[in-house]
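Below is one structure, written out as structure tokens; comments come after it.
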Amino acid sequence: MALQLIEFVPERPEHEAVDRLIAAAAEALAAGGAELIEAQVPRDLRRVFLIAEEREEGQAGEALRAGGIVFEDVARVRLVGADLAEVKASAGTARYLVEWDLPEGLSMDSYLARKREKSPRYAEVPETRFLRTYVREDMGKCLCLYDAPDVAAVERARKAVEAPIDRLHELREHA
């Protein structure tokens, strides 16, 4: 079983269009033998980040293509900081998503070691709760999810763990 990050740019940044896209993607994934784990959508509705679980390599992308769903990118990811059962039970708790374009030459082992070393520093910002990270296996970027009262709290948490922010998205509330 592998996790895939699938990124979309909706045709229109409207709630109904985004909801239809997510529903259609979930249906196509299920028809192709994959499962939608979570969908994260920034408040501006200009991007959609889906995490899907597949049994066979390439299954999620193939299922979406077979369903006529156009996506921008698909990449295998590793879940860090939570287990999959926790994510399935609480996928809607994130309020912020940080994209970090990882520096060239950083290996997965180095990233994970850095994460273990720096994560205790989140305690310096108790109002912010780190939830989980999805790290692309190709080390292109990672997505970090947080529950925090505001953008400034996320920024303080990132500073505490010495991790940059390339893009910071406030997520829309889940229905």
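Kindly evaluate Ala63 against the criterion of being of a type in the set (Gly, Ala, Ser), in contact (Cβ under 8 Å) with a residue 24 or more places away in the chain and closer than 19 Å to Leu171 by Cβ. Taking the combined requirement at face value, the residue does not satisfy it.
Each residue in the range 83-102 was checked for being farther than 13 Å from Glu53 by Cβ and open to solvent by 70 Å² or more (accessible area, probe 1.4 Å), and 3 of them qualify. Of all residues in the range 104-157, those that are surrounded by 17 or more Cβ atoms within 10 Å (Cβ to Cβ), assigned to a loop (DSSP other than H, G, I, E, B) and of a type in the set (Gly, Ala, Ser) total 1. Selection of the range 23-48 for residues being open to solvent by less than 30 Å² (accessible area, probe 1.4 Å) and among the aliphatic types (A, V, I, L, M) yields Ala25, Ala28, Leu29, Ala34, Ile37, Ala39, Val41, Leu45, Val48. Applying a threshold of 9 Å to beta carbon distances and a minimum spacing of six or more residues, or different chains, the list of pairs starting in the range 81-102 at a residue that is closer than 18 Å to Ala153 by Cβ and ending at one that is at pLDDT below 90 and of a type outside the set (A, V, I, L, M, F, W, C) reads Thr93/His174; Arg95/Glu173. Against the condition touching a residue at least 60 places away in the same chain (Cβ under 8 Å), more than 13 Å from the chain's Cα centre (by Cα) and open to solvent by 50 Å² or more (accessible area, probe 1.4 Å), how does Glu57 come out, does it pass? The answer is no for Glu57.
The values are calculated or read from the model by the stated rules, or taken from the named source; none is laboratory data. Because the structure is predicted, anything quoted here is derived from the model rather than measured. Counting neighbours? That spans all protein chains shown, and the Cβs are built from the backbone with ideal geometry, glycine included. Surface accessibility is based on the protein's heavy atoms, side chains included, excluding ligands, DNA and RNA. Shrake-Rupley method; radii C 1.70, N 1.55, O 1.52, S 1.80 Å.
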